[in-house]
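A short worksheet on the structure shown next.
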């Protein structure tokens with residue numbers, strides 16, 4: 001039995017992201033987040049859980065210290081460099 005490979009593509013944008021795959025030789029953008037084809041590039045961290053996208057967005061006004069937006073801007077920056085920018 002030949003195994004099928006699933007390949008996904010992620011557009012990791014500064015403000016929004018989307019995920020796509022190929023089905024029957026056609027590119028399909030997945031609408032897995034609230035039936036939308038994109039989701040905010042936001043991550044919210046709690047002690048025992050993590051929320052991303054639309055679920056994390058609601059924490060922007062209630063838990064700013066544990067919510068990260070525009071995370072793409074931090075790729076490649078060390079923690080010590082980040083502390084200097086504060």
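Numbers for the structure displayed
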read-out	value
Helix-only [θ]222 nm of the chain, DSSP H runs n ≥ 4, -39500 (n - 2.57) each, per residue, nearest 500	-2000 deg cm²/dmol
Proxy reagent accessibility, fewest Cβ within 10 Å first, across 12, 45	12, 45
Relative contact order for segment 1-65, counting Cα pairs under 8 Å that sit 6 or more residues apart, in percent	21
Segment 56-78-segment 17-35 distance, computed between alpha-carbon centres (Å)	25
Rh by Kirkwood over Cα pairs, then Stokes-Einstein D for the chain at 0.890 mPa s and 25 °C, µm²/s	164
Difference of contour (0.36 nm per residue) and Cα-Cα distance, residue 61 to residue 24	9.1 nm
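Every number in this text was worked out from the coordinates using simple rules, so none of it is lab data. For clarity, every value in this text was computed on a predicted model and none was experimentally measured. Counting neighbours? That spans all protein chains shown, and the Cβs are built from the backbone with ideal geometry, glycine included.
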